[in-house]
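Enquirer: Okay, handing you the structure first.
The values are calculated or read from the model by the stated rules, or taken from the named source; none is laboratory data. Computed from a prediction, not measured in an experiment: that's the story for all the values here. Every residue, glycine among them, receives a Cβ derived from its backbone with ideal geometry; neighbour counts consider all protein chains shown.
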Amino acid sequence: MTASIPAKRRILHLDMDAFFAAVEEQRNPALRGKPVVIGGRGDPTKRGVVSTANYEARKYGIHSAMPLITAYKICPQAVFLPVDYEAYVRVSRQFKSTLLFITPIIEDIGIDEVYLDVSELEETSENIVERIKSGIKEKTGLTCSVGIATNKLLAKIASDMQKPDGMTILNEEDIESRLWPLPTRKLYGIGPKTEAYLKKIGVETIGQLAALKLENLLEHFGNSYGHYLYDSARGINDSPLVMHWEAKSISRETTFQKDVKDWQFIAKTLAALTREVVTDLRDGGHAARTVTIKIRFSDFQTLTRAKTIDEYTDSEEELRRAAFACLKRIDLNKRVRLIGVRASSLGRRGGEKQQIVFSKKRLTY
Ligand code: TTP
Ligand code: MG
């Protein structure tokens with residue numbers, strides 16, 4: 001039997017709305033309704049640029065990459081906040097973890113955007129988007145905008161068409177009416193230089209780009225980029241989703257401030273680490289079958305013990321029991337420097353092993 005390849009791909013691009021600002025508003029609801037600008041250290045009199053502005057601040061013309069001082073001049077009453085990257089990465093992980101309930105075929109392209117390949121799902125696009133939006137809303141309180149099309153190029157353009165909280169489905173028959181009126185820089189891969197050059201030769205819209213002859217594009221832009229532009233202007237793009245992750249484990253470890261002999265303290269730490277691993281497991285929609293613990297003594301001797309459970313589980317109690325069964329198999333006759341716990345053999349609770357799972361380690365924003 002050969003694997004069935006869908007005749008048409010269905011690719012979804014998701015981009016969070018005013019992401020950094022939305023995270024700030026979520027944790028401080030008093031900001032809602034006010035213009036909010038996130039950038040630098042949050043002091044508009046100091047050097048720095050705007051990372052993002054909420055939609056209220058955008059009404060004044062404030063946008064990403066604008067100097068903070070300019071933003072301050074045009075809207076001094078705005079609330080200026082420093083960039084709290086760690087907080088945004090945490091929320092980024094949270095919203096991405098909800099997407100695993102939709103499909104494991106996810107390309108992570110940035111702190112607030114991803115592609116999903118939903119070709120194989122039997123639901124309508126509207127249904128999928130509804131599930132995604134409510135999952136993200138429930139987990140993070142935030143909204144996103146989604147585009148669905150036959151390829152990545154069009155899906156990304158679509159997600160930007162009805163922001164915020166939008167959903168746009170772009171079909172092949174919409175290319176002339178909805179893609180061609182847009183400025184050329186909306187096409188992924190067209191930067192300011194190409195845009196400026198195209199303007200010089202009178203090409204402002206994607207439609208005008210599509211009217212150029214292939215020979216002309218090849219002559220000006222070379223073989224590879226010339227073909228890319230020719231296809232892109234027609235909405236043609238077959239780039240695959242790039243997945244950075246594969247079946248992995250989820251682990252936590254801690255090095256004690258001072259080497260420890262007290263069994264109670266070691267046990268308490270192991271229980272706390274296991275709880276954190278369970279939280280990560282559940283966040284990612286995973287369950288695990290194998291628990292491994294690691295103990296490093298003060299002389300750096302390192303021991304590991306593992307236990308495999310019959311069923312995939314995300315139960316804290318079961319995983320902790322397994323971790324303690326491992327701990328009992330280690331003779332704690334020396335001071336302990338480090339302790340760690342890992343959950344592996346990931347799958348769905350009561351279900352099958354997953355081929356592709358979320359690896360938090362790859363998120364390096
Ligand atoms: P974007 O998705 O481009 O912007 P956004 O999410 O703030 O707003 P939109 O609703 O239009 O999608 O970028 C995501 C985050 O990346 C943004 O919240 C802040 C950060 N960022 C910068 O730090 N500098 C930049 O120049 C841009 C464009 C974004
Ligand atoms: Mg965004």
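Enquirer: Answer yes if at least one residue in segment 236-253 is among the acidic types (Asp, Glu), modelled with pLDDT under 95, surrounded by fewer than 17 Cβ atoms within 10 Å (Cβ to Cβ) and part of a strand (DSSP E or B), and no otherwise. Show your work before the answer.
Expert: Going through segment 236-253, the residues among the acidic types (Asp, Glu) turn out to be 238, 246, 253.
When the remaining residues are screened for being modelled with pLDDT under 95, the result is 238, 246, 253.
From what's left, surrounded by fewer than 17 Cβ atoms within 10 Å (Cβ to Cβ): 238, 246, 253.
Still in the list and also part of a strand (DSSP E or B): 253.
Yes, segment 236-253 contains at least one residue that is among the acidic types (Asp, Glu), modelled with pLDDT under 95, surrounded by fewer than 17 Cβ atoms within 10 Å (Cβ to Cβ) and part of a strand (DSSP E or B).
Yes/no per residue for (1) out of contact with any Leu (no Cβ under 7 Å at 6 or more places or on another chain); (2) within 16 Å of ligand 2 (Cβ to nearest atom); (3) assigned to a helix (DSSP H, G or I):
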site: 123; (1), (2), (3): yes, no, no
site: 130; (1), (2), (3): yes, no, yes
site: 133; (1), (2), (3): yes, yes, yes
site: 136; (1), (2), (3): no, yes, yes
site: 139; (1), (2), (3): yes, no, yes
site: 146; (1), (2), (3): no, yes, no
site: 154; (1), (2), (3): no, no, yes
site: 158; (1), (2), (3): no, yes, yes
site: 161; (1), (2), (3): yes, yes, no
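Enquirer: Filter segment 67-113 for residues that are of a type in the set (S, T, N, Q) and touching a Leu at 6+ places or on another chain (Cβ under 8 Å); which is nearest to ligand 2 (Cβ to nearest atom)?
Expert: If we filter segment 67-113 for residues that are of a type in the set (S, T, N, Q), which is where we start, we get 70, 77, 92, 94, 97-98, 103.
This time we only want the ones that are touching a Leu at 6+ places or on another chain (Cβ under 8 Å), so: 92, 103.
On the way: 92: 11, 103: 21 Å.
Top of the filtered list is 92.
Enquirer: Only one residue in 145, 97 is more than 20 Å from residue 158 (Cβ to Cβ), surrounded by 14 or more Cβ atoms within 10 Å (Cβ to Cβ) and either within 14 Å of the chain's Cα centre (by Cα) or touching a residue at least 12 places away in the same chain (Cβ under 8 Å) (or both). Which one? I'd like the intermediate steps shown before the answer.
Expert: Details: 145 fails: more than 20 Å from residue 158 (Cβ to Cβ).
Of the residues listed, the single one that is more than 20 Å from residue 158 (Cβ to Cβ), surrounded by 14 or more Cβ atoms within 10 Å (Cβ to Cβ) and either within 14 Å of the chain's Cα centre (by Cα) or touching a residue at least 12 places away in the same chain (Cβ under 8 Å) (or both) is 97.
Enquirer: Name the residues in segment 148-178 that are within 16 Å of ligand 1 (Cβ to nearest atom), surrounded by fewer than 18 Cβ atoms within 10 Å (Cβ to Cβ) and free of Cβ contacts under 8 Å to residues at least 24 places away in the same chain, would you?
Expert: Correct list: 161, 162.
Enquirer: When you go through (1) free of Cβ contacts under 8 Å to residues at least 60 places away in the same chain; (2) more than 30 Å from residue 182 (Cα to Cα) one by one for residue 222, which number turns out not to apply?
Expert: The failed condition is (2).
Enquirer: Same structure again: Could you check, for segment 301-314, whether at least one of its residues is under 28 Å from residue 106 (Cα atoms) and part of a loop (DSSP other than H, G, I, E, B)?
Expert: The answer is yes, given that some residue of segment 301-314 is under 28 Å from residue 106 (Cα atoms) and part of a loop (DSSP other than H, G, I, E, B).
Enquirer: Could you list, in sequence order, the residues of segment 72-86 that are within 27 Å of the chain's Cα centre (by Cα) and either outside any helix (DSSP H, G or I) or at pLDDT 95 or above (or both)?
Expert: Kept after step one, since they are within 27 Å of the chain's Cα centre (by Cα), are these residues of segment 72-86: 79-86.
Selection gives 79, 80, 81, 82, 83, 84.
Enquirer: Quickly run through segment 298-329 and pick out the residues that are within 21 Å of residue 264 (Cα to Cα) and among the small types (Gly, Ala, Ser).
Expert: Selection gives 298, 306, 322, 323, 325.
Enquirer: Give segment 259-295 a look and list any residue that's without any contact (Cβ under 8 Å) to a residue 12 or more places away in the chain and part of a helix (DSSP H, G or I), or say none.
Expert: Quick first cut of segment 259-295, residues without any contact (Cβ under 8 Å) to a residue 12 or more places away in the chain only: 262, 264-265, 268, 272, 279.
Passing the criteria: 264, 265, 268, 272, 279.
Enquirer: While we're on this one: Spot the failing condition for residue 64; the list is (1) away from ligand 2 (no atom under 14 Å from the Cβ); (2) under 24 Å from residue 136 (Cβ atoms); (3) free of Cβ contacts under 8 Å to residues at least 24 places away in the same chain, and only one is missed.
Expert: Result: residue 64 fails condition (1) only.
Enquirer: Filtering segment 22-71 down to residues that are away from ligand 1 (no atom under 15 Å from the Cβ) and assigned to a helix (DSSP H, G or I), which residue is farthest from residue 145 (Cα to Cα)?
Expert: Result: 69.
Enquirer: Further question on the same structure: Which ones in segment 95-138 are under 29 Å from residue 28 (Cβ atoms), touching a Ser or Thr at 6+ places or on another chain (Cβ under 6 Å) and modelled with pLDDT of 95 or more?
Expert: Across segment 95-138, the qualifying residues are 95, 135, 136.
Enquirer: Follow-up. Could you check segment 80-121 and list, in sequence order, the residues that are farther than 23 Å from residue 241 by Cα and more than 15 Å from ligand 1 (Cβ to nearest atom)?
Expert: Within segment 80-121, none qualify.
Enquirer: Pairs only if they're at least six apart or on different chains, beta carbon under 6 angstrom, first in segment 200-213 and surrounded by 17 or more Cβ atoms within 10 Å (Cβ to Cβ), second polar (S, T, N, Q); list them, first residue then second.
Expert: So the pair list comes out as 206/184; 209/184.
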